[in-house]
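S.K.: Got a structure for you, questions after.
The values are calculated or read from the model by the stated rules, or taken from the named source; none is laboratory data. These numbers were taken from a predicted model, which means no experiment stands behind them. No Cβ is skipped: glycine too gets one built from the backbone with ideal geometry, and neighbour counts run over all protein chains shown. We work out accessible area using only protein heavy atoms, side chains counted, and drop any ligands, DNA or RNA first. Shrake-Rupley method; radii C 1.70, N 1.55, O 1.52, S 1.80 Å.
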Amino acid sequence: MFSSLIQKAATYLTEAPAPSSANRPNKAAIFRSYFRLPDNQTPLQEITCELTAPTGDHYVGKLYLSEAFLCFTLYPPSSSSAAPATAGVGFTLPLCAVRRVERLHSRSYMFALAITTWHGAASTKEERLTLQFTGMRSSCESFCDRLKRALRIQMSEVKNMKLLTETCYSEYLLGTTSESKADGKKREKDPPDAGLGMLFRYPGDSRKLRDRSKMRLWAEYLRENGRNVTLIRQPTFHKLVRVGLPNRLRGEIWELTSGSMYLRMFNPRLYQDTIKEFEGRHSLSIDEIEKDLNRSLPEYRGYQHEEGIARLRRVLGAYSWVNEDVGYCQAMNIVTAALLIYMSEEQAFFLLSTLCDRLIPGYYSTTMYGTLLDQRVFESLVEKTMPILWEHLNKADVQLSVVSLPWFLSLYINSMPLVFAFRVLDVFFLEGPKVLFQIGLAILRINGEELLDATDDGAFISILKSYFSRLDESAHPRSENEKLRAVTRFQELMVVAFKEFSQITASTVSEERIKHKEAVMSSISSFAKRTQLRNLGPEAKRLDAADLSIIYDRFHAALYERQLRDAAEQEKRKKQVKSSSASTKSNISSNPLSTSSNPTTMDYNTFRDFLSTIAAWGVADTPPPPPQTNPYTSTAYQPPPQEPADHDFIHRLFRRFDSDLSNALSLPNVVSGLAGIVGHRKDLMHTITYWFELYDDDGDGRIDREGILRISEALLFVTRRSLPPPSPTAEIDPSSIFLAAVSGFIRRCFEYADEHVYSPTDPLSPPPLIDLPDLPSPPSAMSPSGEKKNLRDSNPVLDPKRPLFVTLPTFRMVVLADETLERFFESGWADTFILSKNRNPNNVLSAPMDSGLHAFPFSGQVPSLKGIRGVLDGIVDEATRVAAEVRRRMEENQAAEIQEEEEEGEKEGVGAEEGDRELLKGAEAETVEMGRVRSEEGEEGERRRRSLKVVEERGEVEWGVEEGEGKS
C-alpha cells in the first residue's frame, strides 16, 4: 500500500504541472525557449542525474524528456535564466538519434543508463553517454518506462534524421570522403552545400581569420563530443564560438545553436514543396521582394551574379508564402542575404523562420513592434549604465534610435564590415538577443568621450560611422606591449561587451520588455489608428472623428476577443487530442511554422460580436453563458457578457457590407457600411431605398411576399430593444404603436402589391398608360348558406398561384403612409447604432405621437424574437380580413354613388335603359370619376387626400375612406 502511494507521489512530483499563470509564460514555453525546441514539445518528465561525457568529464544537472527529445542542462530552465541552454554545458538529443540504451548494473550505480548515439556507434571506438539517476527508484523506473515508449514512437523519424545529417558539413569533415559506385570503384564525395561562399569566396582573408586553425580545433572537438544532432556542449564549445566559427562550419553551427536544425529535421520536404507549389504565382510580398533583391548586400560578389539573386528570391518568396501573416518586411532581405553566404537555401529558410518567430519576434512585421520595444529597452539600459551620456543626448536633442534602430533591425550587418558582423551573429545565435544590447552598449561606452562632444544627430552618426570603419585597426597602437598592440578594436569591443556588461542577461531584457511593452504598444496602436483612419475612403467623411474612433476601437476589440476565443478552443482541442493518446509524429508534422496570426478581417461570427457592441438589437435575447476558466491556457479569456444575436437581417447586413465579395470584412468595409447608414441620417429616401435593396435578393427591383414578411420581421427585430420605455402617463405603449405600424405595413404592402411588374429590360411588355385592367370582384366573406368561408380562400393575397411583388415606388408609398415608419426610416434606424456617447439608443420613436396615429388593438404583450414569425402570421391574417372588409365597403360606396346618379338623371328628365347603365361600371367611368375627384382638389383636395385611420369599433379593425374619394 505504502509503495503504491510513494510511486503515485513520485509521479506527481516528476510530472510537469499545468500552466496556471496568465501573465508569465508557462513551463512548457520556457522549456521550449530554453532548449530551442519546436513549438509542439512539452516537458513530459524530469529527473536529477549525473552526466558522464565520452571524454570522462562529469556534470550534475537535470535531465528532461519531451515527446521527441532528451535534454540535459546544469541549470533548470526558468523565466530568470541568464542564457539559453545552448550557452552552457549539456545536450539536446533527438530520440531518433539514439542507437541503443542499456541499463548498467553496478554497486556504485544505484540506477544508471548508458546511451549510445548514432555517431557514437559509427565511430571506431564506441562512445557512450552515462546517466546516473538521483532519486527514488520508482521515479527512475517511471522515467525509463516513458523513455522506452518515446523511443519506439520516434523510430520512424530515423529516415529524416539521416537525410538531415547528409547535408551537414561536419559529416563530410569527419566521415568517409569517398563512396562506392555501382561498378565497385570509389570516388570522392561532393561536399554539401555550405553557401554562396563556396562559389564566390567567403568574406575576409582566410589567413588573417586563421580559418584552417579553427577548422582543426573544431574537428578535434567534434570527434570527441559528437556532431550536429548528437553534439554535447562542453565549456570548450562556448570558447570556440566566441573566437569565431570556420567558414564552412558556420552555417551548421548557426542552425544547431538556434534550434532551426530540429525544425528542418521533422519537415524535410517543406521547402521544396513550397517552392514547387507557388512557382510562378504573384502577390504583394513577391513584388516587394523583387524591388529589394538588387539592394541586398551589393558589395558581396555573390549578389552581383544571378545565382545569388535567384537563391535569395526563392528563400524570401517561400517564407512569404508559408507565413503570410508576416509575408515580407524591410531588412529581411539583408539578413537572409547574409545567411545564404554560409548556408544552403533550405537551411536559410528554416533559420529565417526561427529568427522571425522566436529569437526576435516582431522585428519583421508591419508595425515593427519588436524593434520599437527593444529600442525603448536599449534607451532604458543606456540611461542606467551611462547616465552622463544619456543626459547629454537629451540636452542636445540627439535621438539615439536614429543610430541604434538600424543596428538591431539588420543585426549589425549593415553597420559593421561583414567579417565582424558575422562574428556578432556567431554569439547572437548561441546566447540570444541579449548580445545585441551588450554590443550596442559597448559601442557607446568605447566612443563615449567623443559622443559627449556631439551636438546634433549628424555628428553623432559621423563618429560611430568612423569607428565602424576602423574595427580592424589596433585598439592600442601606441602601446609598448606587443600583445596590446595586436588587439584590434573589434576584439576590444567584444571584451567590453561581455565583461563590462555581463550583468545584461536574458532575464534583464525580458523584465525591461515587460516594463515598457504597454507604452510601446499604446504608441503603436495610436499611430496605426491615425494612419488607417486617414487612409479610409471618401465614404468615411460622412462620419465624424469620434464615430470613426469608436468604430476602429470596437472593430479591433472584436477581432481580439475572437482571437482569444479561438485560442482557447484550440487549446481545448489539443488537450482532448493529448488525452486520446494521439501519435507524436502527427503532432510534430502539423503546422511546423505556425505563428500567432493577427487577423485584420472579421468573419460573420466576429461581425456579430462587433454589432453587439454598437447596436442594442445585436444582443441575443438568450441569457449569457456562465463564465468558464480554462486552466490549460496562458490566456485569460472569459466568454463575452452578452451573447450576440443571430438573425437573417444580420446575414443580409454582412453581405451588404462585404462589397468585395470576400466573405470577410475589413475596417474600410465596416466604415463604408456604417457610413451608408449613420452617415445618411435624416435622408429618408436613401434609407427606404437601402432597406429595399437589402431584401431585393435578385436585384430585379421587386420584393415578393416572403420578402415583405422578412422586412416585417427585421423591423420588429431591430426595434425590440431600441424603443423608449413606457411612460406611466402615456396612454399607449410605444411597443404597441410600432407593432401596429408594422401590421399596417404588411396590410398595405399586400393591398398595393402588383401581380405583374413592368420590366424596363423587356421590350415586349410596355408599361400601361391609360388602359386599366378590370378589378376582380372580391369574394364575399360569407358563403350563400351563411357560413363563414376560409380566410385563405376568401382572400387572394394568400393565394400561392398569384405571386405578388412590391416595387420601390410602392414600398416608398407604403412607408410614407405611416408616420411611425416614416420617423423610423428617417432617423430612428440610424440612431439604433450607438457610436457617440451622447447618442440615446431609445430615441427611435422619440418624436411626438400626435393625432394622426392610433394603436391597432392587439391582444397580449410584445412578443420575443422567437415568436415574431407566429405573430406576423396573425398580423397577415388580420390584414387580409381587413382588406376583404374594405373591398366590400368600397363596393357599397360605388353602388350608392351609382344610385344617386340614376336618381339625379331621372330628376333631370334624362332617360336611360337598363343596358346603358352597365357602362357606369366600366373602367372608363371609374377613370372619369377619378379625374373628377382630382380636378376638385384645391384647398380641399389636400384635406381629401388619401389617408389611413385606425379606429377601434366592436373589437374589429376598419379601414375608412373619406366620402367622395376614389382608389388610386
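S.K.: Does Leu245 satisfy the condition of being closer than 30 Å to Ala85 by Cβ and buried (at least 17 other Cβ atoms within 10 Å of the Cβ)?
M.R.: Yes.
S.K.: Mind telling me which of the residues Thr48, Thr42 ends up being surrounded by fewer than 22 Cβ atoms within 10 Å (Cβ to Cβ), touching an Asp or Glu at 6+ places or on another chain (Cβ under 8 Å) and β-branched (Val, Ile, Thr)?
M.R.: So the residue among Thr48, Thr42 that is surrounded by fewer than 22 Cβ atoms within 10 Å (Cβ to Cβ), touching an Asp or Glu at 6+ places or on another chain (Cβ under 8 Å) and β-branched (Val, Ile, Thr) is Thr42.
S.K.: Right, next: What are the residues in region 24-34 that are modelled with pLDDT of 90 or more and open to solvent by 50 Å² or more (accessible area, probe 1.4 Å), if any?
M.R.: Ser33
S.K.: I need the strands (runs of 3 or more DSSP E) fully contained in region 52-163, keeping only those with at least 2 residues that are without any contact (Cβ under 8 Å) to a residue 12 or more places away in the chain.
M.R.: Here the list is empty.
S.K.: Sticking with this one: Limited to region 224-235, what total is found for residues that are on the phi < 0 side of the Ramachandran plot and open to solvent by less than 50 Å² (accessible area, probe 1.4 Å)?
M.R.: Total satisfying the criteria: 8.
Okay, residues lined up against (1) at pLDDT 90 or above; (2) closer than 25 Å to Lys239 by Cβ; (3) assigned by TED's automatic domain parsing to the domain that holds Lys148:
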| residue | (1), (2), (3) |
| --- | --- |
| Ala22 | no, no, yes |
| Arg36 | yes, yes, yes |
| Gln41 | yes, no, yes |
| Thr55 | no, yes, yes |
| Ser81 | no, yes, yes |
| Thr86 | no, yes, yes |
| His119 | no, yes, yes |
| Ser123 | no, yes, yes |
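S.K.: Moving to a separate point now. For region 252-275, indicate whether the set of residues that are among the basic types (Lys, Arg) and either farther than 26 Å from Leu174 by Cβ or not assigned by TED's automatic domain parsing to the domain that holds Leu173 (or both) is non-empty.
M.R.: Yes, region 252-275 contains a residue that is among the basic types (Lys, Arg) and either farther than 26 Å from Leu174 by Cβ or not assigned by TED's automatic domain parsing to the domain that holds Leu173 (or both).
S.K.: Can you tell me which residues in region 645-682 are surrounded by fewer than 19 Cβ atoms within 10 Å (Cβ to Cβ) and farther than 21 Å from Trp617 by Cβ?
M.R.: Of everything in region 645-682, those that are surrounded by fewer than 19 Cβ atoms within 10 Å (Cβ to Cβ) and farther than 21 Å from Trp617 by Cβ turn out to be Ser659, Asp660, Leu661, Ser662, Asn663, Ala664, Ser666, Pro668.
S.K.: Taking Thr274 as meeting all but one of (1) surrounded by fewer than 20 Cβ atoms within 10 Å (Cβ to Cβ); (2) on the phi > 0 side of the Ramachandran plot; (3) touching a helix residue (DSSP H, G or I) at 6+ places or on another chain (Cβ under 6 Å), write down the number of the exception.
M.R.: (2)
S.K.: Cβ contacts < 8 Å: first residue in a helix (DSSP H, G or I), restricted to region 330-348; second residue open to solvent by 10 Å² or more (accessible area, probe 1.4 Å) and hydrophobic (A, V, I, L, M, F, W, C), any location; separation 6+ or different chain. Result?
M.R.: Hits for this filter: Met332/Cys356; Ala338/Leu418.
S.K.: Name the pairs whose Cβ atoms lie under 9 Å apart, with the first residue in region 198-217 and in contact (Cβ under 8 Å) with a residue 40 or more places away in the chain, the second open to solvent by less than 60 Å² (accessible area, probe 1.4 Å) and of a type in the set (Asp, Glu), and 6 or more positions between them or separate chains?
M.R.: Tyr202/Asp211; Gly204/Asp211
S.K.: Could I ask something else about it? Could you list, in sequence order, the residues of region 533-554 that are open to solvent by 70 Å² or more (accessible area, probe 1.4 Å) and part of a helix (DSSP H, G or I)?
M.R.: Those that are open to solvent by 70 Å² or more (accessible area, probe 1.4 Å) and part of a helix (DSSP H, G or I): Arg534, Pro538, Glu539, Lys541, Arg542, Ala545, Asp553, Arg554.
S.K.: Quick check, is Glu324 touching a Lys or Arg at 6+ places or on another chain (Cβ under 7 Å) and either in a loop (DSSP other than H, G, I, E, B) or modelled with pLDDT of 95 or more (or both)?
M.R.: no
S.K.: Filter region 277-295 for residues that are farther than 14 Å from Glu324 by Cβ and either surrounded by 15 or more Cβ atoms within 10 Å (Cβ to Cβ) or touching a residue at least 12 places away in the same chain (Cβ under 8 Å) (or both) and give the result.
M.R.: Glu290, Asp292, Leu293, Asn294, Arg295 - these are the residues of region 277-295 that are farther than 14 Å from Glu324 by Cβ and either surrounded by 15 or more Cβ atoms within 10 Å (Cβ to Cβ) or touching a residue at least 12 places away in the same chain (Cβ under 8 Å) (or both).
S.K.: Related question: Would you mind stating whether Glu819 is within 22 Å of Leu674 (Cβ to Cβ), open to solvent by 10 Å² or more (accessible area, probe 1.4 Å) and modelled with pLDDT of 85 or more?
M.R.: For Glu819, the condition - within 22 Å of Leu674 (Cβ to Cβ), open to solvent by 10 Å² or more (accessible area, probe 1.4 Å) and modelled with pLDDT of 85 or more - is not met.
S.K.: Follow-up. Is there a residue being modelled with pLDDT of 90 or more, of a type in the set (Lys, Arg) and either out of contact with any strand residue (DSSP E or B) (no Cβ under 8 Å at 6 or more places or on another chain) or surrounded by fewer than 16 Cβ atoms within 10 Å (Cβ to Cβ) (or both) anywhere in region 96-114?
M.R.: There is at least one residue in region 96-114 that is modelled with pLDDT of 90 or more, of a type in the set (Lys, Arg) and either out of contact with any strand residue (DSSP E or B) (no Cβ under 8 Å at 6 or more places or on another chain) or surrounded by fewer than 16 Cβ atoms within 10 Å (Cβ to Cβ) (or both).
S.K.: Residues that are part of a loop (DSSP other than H, G, I, E, B) and open to solvent by less than 40 Å² (accessible area, probe 1.4 Å): does region 206-223 have at least one?
M.R.: no
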